[in-house]
1. So which of Lys366, Lys343, Lys361 ends up being more than 33 Å from the chain's Cα centre (by Cα) and among the basic types (Lys, Arg)?
2. Return the only residue of Pro414, Pro370 being touching a Phe, Trp or Tyr at 6+ places or on another chain (Cβ under 8 Å) and either touching a residue at least 12 places away in the same chain (Cβ under 8 Å) or farther than 23 Å from Ile298 by Cβ (or both).
3. Those residues that are at pLDDT 95 or above and either of a type in the set (A, V, I, L, M) or over 14 Å from Lys343 (Cβ atoms) (or both), I need them from the stretch 406-416; list them, please.
4. Since Gln313 meets every condition but one in (1) within 16 Å of ligand 2 (Cβ to nearest atom); (2) farther than 18 Å from Ser401 by Cβ; (3) of a type in the set (S, T, N, Q), which condition does it not meet?
5. Identify, please: which residue in the stretch 310-322 is in contact with a strand residue (DSSP E or B) (Cβ under 6 Å, 6 or more places away or on another chain) and within 20 Å of Gln398 (Cα to Cα) and is, among those, farthest from ligand 1 (Cβ to nearest atom)?
6. Would you point out which residue out of Ser417, Ser401 is surrounded by 15 or more Cβ atoms within 10 Å (Cβ to Cβ) and either more than 9 Å from ligand 1 (Cβ to nearest atom) or assigned by TED's automatic domain parsing to the domain that holds Asp305 (or both)?
7. Output the residue which, of all residues in the stretch 379-396 that are near ligand 2 (Cβ under 10 Å from one of its atoms) and free of Cβ contacts under 8 Å to residues at least 24 places away in the same chain, is farthest from Glu328 (Cα to Cα).
8. Those residues that are surrounded by fewer than 16 Cβ atoms within 10 Å (Cβ to Cβ) and touching a Pro at 6+ places or on another chain (Cβ under 7 Å), I need them from the stretch 339-353; list them, please.
Amino acid sequence: MNEIKDFLLQLALITILIFTYHIFFVERSKRNSTEKIIATALSGLSILLCMSFRTNVNSYVSLDIRIVPLLLGTLYIGTRTGLFLSTIIILYRLFLGIDLGFYNTILTILTAMPAFLFFQKIFVKGKKNKRIQIALILSIYYCLTGLTWSAILRGASLKVLQVQIIHLIFIVVVVWFFTSLIENIKEINLKNQQLQSEAERVRVISDLTSVFAHEIRNPMQITRGFLQLLNQPELSDKKKEYIKYSIDEIDRANAIINDLLAFGKPITTENQPIEVASELRHVENIIQTYALSSNVEIKTIYHDDCWIHANPQKLNQSLINILKNAIESMPNGGTIWLTCAPKIDGFIEISVKDQGIGMTKDQIDKLGSPFYSLKESGTGLGMMVSLQIIRNLQGRVQINSEKDVGTEFSIYLPKIS
Ligand code: ADP
Ligand code: MG
């Protein structure tokens, strides 16, 4: 079992170097040349350490796990690194002395490297599982060629074969472990980067929105003032009505801008007791024209006397987003059921059910992430805003959906009595 002890020592050395790399150099999707050089140097160092601490099976056969840094270096860093690492192996083996082991090393490298270099191209383009498979197949191939050349050069012996099989199993497990580890680290880093850039986009949008909103508000207020001045008693009723419409529309635009500005800020003020059914009737009125234009009918069952504590404008915004999505999920028209009812656990349930295209579990999980949209002209912000509003009201949302059957959004909000 001394061999395993030696392999474990070599494994510990490689692990230290791999972690050093990943801790000090956060991997980016496109690595720069300095990072490549450092990774290559660390792989080279791993190889030298493995070869220095090799295990001697008998007086003329010795084994080590140099294949691990050689394979990972070639696959993850590139073909040039692969060639460089092979040269290091050959030169160091030359330095240790020219014997059968030296020829064995050269022949194994010459047989294995072409396969490594060939598969590197496929490896780079592959997905996580394919990469792990390629690494495993290549590691088995390397061990088998080494084993074959050793048998040809030095003849087979049971003791050597035994150690070689332990060596092969050990290598396969280690390569599987390291490729899975590196792939997971890469995945986590990529997610982190995506989150960072998304957060940055949201920040830029909210900065721009507030500047834009202020710029647009001033001319609107001036226009509103002049419209009020125009509203003289001698005007005809028709004209008075037009002016009233214009002022109402400006007020509506102003309310939208206020909402936009409030976006992202937690709702702390302006909450008031709301009767859900009357609020739903209001929402229904707003969305009705949009529904009719898409051939969608809205059927409602409202339970009266359901009271919650909320900001009516924000609640409307959230419900309108959800209803708008429900309408858009039915390109050929259909029915939406909009209901509200009290639950026994102290919550009010508002349900929006459609007969639309539905979602897979994966799509449901992504719902609410900024900019997640499957629509050509979608913003992917509607759900994010809606879910945040509901969360701020201490509520929760349950989504049941089936592809090509429909989706039900059940919104639970704390009831007040
Ligand atoms: P947008 O509507 O701009 O695409 P949203 O955040 O409102 O952005 O919605 C995100 C995505 O969630 C939509 O693109 C759609 O794919 C999916 N989605 C939301 N609601 C539904 C629904 N009722 N049925 C099917 N898919 C939906
Ligand atoms: Mg939407």
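1. On the way: Lys366 fails: more than 33 Å from the chain's Cα centre (by Cα); Lys361 fails: more than 33 Å from the chain's Cα centre (by Cα).
After ruling out the rest, the residue left standing is Lys343.
2. On the way: Pro370 fails: touching a Phe, Trp or Tyr at 6+ places or on another chain (Cβ under 8 Å).
Of Pro414, Pro370, the one residue that is touching a Phe, Trp or Tyr at 6+ places or on another chain (Cβ under 8 Å) and either touching a residue at least 12 places away in the same chain (Cβ under 8 Å) or farther than 23 Å from Ile298 by Cβ (or both) is Pro414.
3. If the condition is that a residue be at pLDDT 95 or above and either of a type in the set (A, V, I, L, M) or over 14 Å from Lys343 (Cβ atoms) (or both), then Gly406, Thr407, Glu408, Phe409, Ile411, Leu413 are the ones that fit.
4. (1)
5. Step by step, filter the stretch 310-322, then rank; the result is Ala310.
6. Working: Ser417 fails: surrounded by 15 or more Cβ atoms within 10 Å (Cβ to Cβ).
Answer to the check: Ser401.
7. Per the criteria, the residue is Met384.
8. Pass one, the stretch 339-353, residues surrounded by fewer than 16 Cβ atoms within 10 Å (Cβ to Cβ): 341, 343-346.
Hit for the stretch 339-353 is Gly346, nothing else.
The values are calculated or read from the model by the stated rules, or taken from the named source; none is laboratory data. Quick caveat, the model's predicted, so the values are computed rather than measured. Cβ atoms come from the backbone with ideal geometry, glycine included; neighbour counts cover every protein chain shown.
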